[in-house]
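Asks: Got a structure for you, written out below as structure tokens; questions coming shortly.
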Amino acid sequence: MSTENTPVWVLCDDRWHPGQVVIDGLRPLETAGYTFKFSKKIDRIDLETLRQYPAVILSKSNNTTQEDLSPWATEAVQQAFDDYVSEGGRLLVLHSGTASYQDEPILRKLIGGVFVQHPEQCPVTILPKGNHPITEGFQAFTEKDEHYFMEKDDPEALHFLEAKSEHGSETGGWTRKHGKGKVCVLTPGHNLPVWLHPEYQKLLKQSLSWCLA
């Protein structure tokens with residue numbers, strides 16, 4: 001699929017993760033042909049709305065905005081995401097998009113796992129794991145970040161990225177199929193310098209390419 005003028009809906013902004021970091025981190029990819037619609041507060045999310053986008057990026061934990069801590073992922077919203085991907089939609093889940101969904105079974109199953117905890121921010125090294133189109137040409141890099149530790153729920157998910165720090169090693173990214181659609185997860189990205197690192201930009205670009213292929 002050509003990426004020229006490809007619309008991508010980006011859901012961002014939560015209590016601990018300012019939406020502007022996501023916006024500034026994805027802007028450079030507009031030169032690759034993507035047209036991002038950034039939504040901090042989601043006024044409407046249903047299957048009809050999701051179908052307008054070949055791909056959706058979820059970089060938002062389960063609260064409405066930085067100021068409004070109420071959950072946004074109702075059962076109906078979760079089911080809309082599940083139906084969207086099942087019928088062929090693409091979902092790219094970045095960093096906080098894995099957080100606060102431990103007790104949201106539909107979305108948790110769709111993502112393939114959830115964030116559990118992270119230590120104090122520290123240098124985290126991101127390395128490729130095995131062979132995958134997303135990591136083609138990717139070189140390991142180190143930046144200060146939140147080192148996410150995860151619960152992985154899908155034994156058939158393909159883990160292509162590793163995150164290491166003084167606290168240990170954890171999966172940094174995986175892909176999975178869901179019905180006719182695809183899901184890709186990248187766990188790094190609390191701080192803007194991580195997003196803007198040339199190697200992470202490569203991962204972001206190649207993750208979207210994989211999703212849309």
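Asks: Give region 50-109 a look and list any residue that's in contact with a Lys or Arg (Cβ under 6 Å, 6 or more places away or on another chain), over 26 Å from residue 121 (Cβ atoms) and at pLDDT below 95, or say none.
Replies: none
Asks: Can you find a residue in region 138-155 that is closer than 14 Å to residue 189 by Cα, touching a helix residue (DSSP H, G or I) at 6+ places or on another chain (Cβ under 9 Å) and β-branched (Val, Ile, Thr)?
Replies: No.
Each row is one residue, and each column tells you yes or no for (1) out of contact with any Ser or Thr (no Cβ under 7 Å at 6 or more places or on another chain); (2) within 22 Å of residue 150 (Cα to Cα); (3) of a type in the set (Val, Ile, Thr).
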| residue | (1), (2), (3) |
| --- | --- |
| 174 | yes, yes, no |
| 177 | yes, yes, no |
| 180 | no, no, no |
| 187 | no, yes, yes |
| 190 | yes, yes, no |
| 197 | yes, no, no |
| 200 | yes, yes, no |
| 204 | yes, yes, no |
| 213 | yes, no, no |
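Asks: Sort out which residues of region 198-209 are surrounded by fewer than 18 Cβ atoms within 10 Å (Cβ to Cβ) and either at pLDDT below 95 or closer than 27 Å to residue 83 by Cβ (or both), and write them in order of number.
Replies: 209 - this is the single residue of region 198-209 that is surrounded by fewer than 18 Cβ atoms within 10 Å (Cβ to Cβ) and either at pLDDT below 95 or closer than 27 Å to residue 83 by Cβ (or both).
Asks: For region 166-197, what are the residues that are of a type in the set (Lys, Arg) and surrounded by 20 or more Cβ atoms within 10 Å (Cβ to Cβ)?
Replies: Those that are of a type in the set (Lys, Arg) and surrounded by 20 or more Cβ atoms within 10 Å (Cβ to Cβ): 176, 182.
Asks: Quick one: in region 66-88, which of the residues that are of a type in the set (Val, Ile, Thr) and within 30 Å of residue 206 (Cβ to Cβ) is surrounded by the fewest Cβ atoms within 10 Å (Cβ to Cβ)?
Replies: First, pick out the residues of region 66-88 that are of a type in the set (Val, Ile, Thr): 74, 77, 85.
Right, trim to within 30 Å of residue 206 (Cβ to Cβ) and you get 77, 85.
On the way: 77: 20, 85: 22.
By that ranking, first place goes to 77.
Asks: Here is a further query. Restricting to region 115-132, what's the tally of residues that are surrounded by fewer than 19 Cβ atoms within 10 Å (Cβ to Cβ) and among the β-branched types (Val, Ile, Thr)?
Replies: 2
Asks: Further, regarding this structure: Within region 37-60, track down each residue that is surrounded by 19 or more Cβ atoms within 10 Å (Cβ to Cβ) and without any contact (Cβ under 8 Å) to a residue 40 or more places away in the chain.
Replies: 45
Asks: Follow-up. Please go through region 75-134 and give me each residue that is closer than 20 Å to residue 211 by Cα, touching a residue at least 40 places away in the same chain (Cβ under 8 Å) and of a type in the set (Phe, Trp, Tyr), ordered by number.
Replies: Scanning region 75-134 gives a single hit, 84.
Asks: Determine whether residue 67 is touching a residue at least 24 places away in the same chain (Cβ under 8 Å) and either of a type in the set (D, E, K, R) or closer than 19 Å to residue 212 by Cα (or both).
Replies: no
The values are calculated or read from the model by the stated rules, or taken from the named source; none is laboratory data. All of these numbers come straight from a predicted model, not from anything done at the bench. Cβ atoms come from the backbone with ideal geometry, glycine included; neighbour counts cover every protein chain shown.
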